[in-house]
Each structure stands twice: as structure tokens, then as C-alpha cells.
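This report refers to the structure that appears directly beneath it.
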Amino acid sequence: MTVTIAALQMCSGTDPVRNVETMRRLVREAAAKGAVYVQTPEMTGALQRDRAGLRAILRTEADDLVVAAAAELAAELAIHVHVGSTAIALADGKVANRGFLFGPDGGQVCTYDKIHMFDVDLDNGESWRESAVYSPGVVARMADLPFARLGFAICYDVRFPELFKMQAQAGAEIISVPAAFTRQTGEAHWETLLRARAIENGVYIIAAAQAGTHEDGRETFGHSMIIDPWGRVLASAGGTGEAVVLAEVDNAAVKAAHDKIPNLRNGRTFTLETAKAPAKGGVAA
């Protein structure tokens, strides 16, 4: 079954109202071009690295502007709208980096909370401690859409191939990777990681990204893209500015990739042993 899907590239600021209006405009543009599934980037609602500033705009899932707008758009356009993620206030005072999928009737299909927290120190002096604010997810998730089985990941999750393999072995045909990749790490690894996850698992990868210089001072890499199960980039955006990235996907291509390279079926269990190097003149154990 061949359908058109879309990844939206945004440069979200600190005001959720403005970001929602941008999301509405881009989702409608994608739907007008034939997309039946539209994905927005990580942190669609706001990119705000100041903790006090973030908490000032936080809302619960029931009151969130992005969530409400996405549900309305899905029903209005009769498509699947996937909020890559947005920050959601939790009852325990923490925050969820949560994705939302809505069906063509506007109903919520499922949510996914980012599992792996971006706690790193980069060479350019940037330091990130997502775990200081966000509560990590503990459940990997998939959803059965009319045209494919969709798996979920968010940004830093892409560096953990076991998440993708688990979903592919469970029948995922498309895996989503909405992101707000830093410029430095994106230049080094973004496309390589995405293509690797597609090739390893024989799945489509759709990655809607934040792009450019944001109001909170961070720089994100952009280059939203859609990749086929053979690792070919079907469509991509540039490194700055808004974009609607579209491509046709066909789950027959997933089966074809698995038939050509059946690595998911050929995997074997094994043990690991470490040999101790001998001392000079000795014999290895």
C-alpha cells in the first residue's frame, strides 16, 4: 500500500501560541500535498532551555495547546497527525518529553515518552542534562496504522539501536525519529545514524527536525528526512528554516528489504568471553 507521508521542519521559539500557529500552517500544507500522516519535530510546543521559563509555560496533557491543536487538525483534515514531542507537566513535578499520535477522527491513538535522556558535555562547551528536568519513558511503543505499523523514537533514542531492533522484530515498518539535534552532533552523525537504523532494520525512517537558531540561544541541525528500508534518502530539507518534506512509502519495500538481507531472522544468541593477555614469557589463559 503506497501512501504519502510528511515530516515538518520547524524552528520553535519560546512561545507555544506562535509555535502552534506554525504547526497548523505546515500540517495543512502537508495535507494539501497529499500526506495522510504528518510528523512534527521534537519539542514542537517550545524550545526553552531556561528551566524557570519552561515551567512558566508548561501545561498538563489535558490543557496543552499543541495536543489540542493536533487533535483538531487530524479530525479536520482526516489524516494522522503525530506530534513528535512536546513538554508535558507531570503530577510529580517532573516533565515528560512526550509524543502524541492522533487518528483521522481526532482521537488519540497513543503517546510515547522519550526513553533515553541526553546527558552530555560537548566539545564546544555545550552541556545538557535532560534527566534533571525530564522523566524518562519506560515503555517502547508501536501503533498499527491503516498503511503500516509505526514505531516510536525521539532524538537521542536514535543512538540506541536495540530500541529499533526490538520494534523491527515486532513488525514495525516505519520508525519515527522526531528530533532537536544540536548543530555539532548533527553535522557529525545525524544522517549516518538515521540511515544506519533504516538499513539495520529494513524499515522506513521519518525524522522531522528542529532547524536553525532558536530564541533560547541553541542551534539545531535541521535536515529533516525520510529514508527507505534500503537506506536511501527519499527526501530531505536544509539546515535552516521551515520545510515540508514529503515522500511516498510502500510497505512492500519493507518486505523486499527483509527478503534481500534477512538479518533480523538470522540473528543468533551467543556468549561473550574475555581473554587475559599473558605476562611476558607466559601463556595466555
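Of note:
- Entries in 165/255; 165/276; 94/165; 33/260 that, when Cα-Cα distance is taken, lie over 22 Å: 165/276; 94/165; 33/260
- Against the rule of thumb 2.2 N^0.38 Å, how large the Cα Rg of the range 193-253 comes out: 1.23
- Legend: residues 214, 189, sorted from most to least accessible area (1.4 Å probe; ligands, DNA and RNA excluded), read 189, 214.
- For residue 153, the residues 5 or more places off, or on other chains, whose built amide H falls under 5 Å of its own are 176.
- Ordering of 137-144, 65-72, 264-271 by packing [mean C-beta count within 10 Å, highest first]: 65-72, 137-144, 264-271
- Gyration tensor over the Cα atoms of the range 6-98: the corresponding equivalent ellipsoid has semi-axes (square roots of 5 times the eigenvalues, largest first) of 24, 13, 10 Å.
- The magnitude of the dipole of the range 1-147, with charges of +1 and -1 set on the Cβ of Lys/Arg and Asp/Glu and taken from the Cα centre, is near 160 debye.
- Using θ = phi - 60° and Karplus 6.51 cos²θ - 1.76 cosθ + 1.60, couplings along the range 102-115 (whole Hz; Gly, Pro as x): 10, x, x, 8, x, x, 6, 7, 5, 10, 9, 9, 3, 7
- Aspartates and glutamates whose Cα lies under 13 Å from that of residue 114, excluding same-chain neighbours fewer than 8 positions away: 42, 130, 157
- Residue 181 long-range amide H proximity, modeled H, under 5 Å: 210, 221, 222
- Over the range 106-163, the fraction of Cα-Cα pairs per 10 Å bin, rounded to whole percents and listed from the shortest bin up, is 20, 41, 26, 11, 2.
- The range 4-43 - convex hull of alpha carbons, volume per residue in Å³: 55
- Put a plus charge on the Cβ of each Lys and Arg, a minus charge on the Cβ of each Asp and Glu, and nothing anywhere else: the dipole of the range 129-285 about its Cα centre is then about 780 debye.
- Per residue, in Å², the accessible surface of the chain once ligands and nucleic acids are set aside, probe 1.4 Å: 45
- Solvent-free Debye scattering, log10 I(q)/I(0), computed from the Cα coordinates of the chain at q = 0.07 Å⁻¹: -0.26
- Stokes-Einstein D in µm²/s, Kirkwood radius over Cα pairs - the range 1-159 at 20 °C with 1.002 mPa s viscosity: 133
- For the range 151-195 versus the range 1-24, the gap between their alpha-carbon centres in whole angstrom: 19
- Rounded to the nearest 500, the helix-only mean residue ellipticity at 222 nm of the chain stands at -8500 deg cm²/dmol, with each DSSP H run of n ≥ 4 adding -39,500 (n - 2.57).
- About its Cα centre, the range 71-179 has a charge dipole of approximately 220 debye under the convention of +1 per Lys or Arg Cβ and -1 per Asp or Glu Cβ, with nothing else charged.
The values are calculated or read from the model by the stated rules, or taken from the named source; none is laboratory data. All values reported here derive from a predicted model rather than from experimental measurement. When we count neighbours, we look across all protein chains shown, and the Cβ atoms used for this are built from the backbone with ideal geometry, even at glycine. SASA here: full protein model, heavy atoms, side chains in, ligands and nucleic acids out. Shrake-Rupley method; radii C 1.70, N 1.55, O 1.52, S 1.80 Å.
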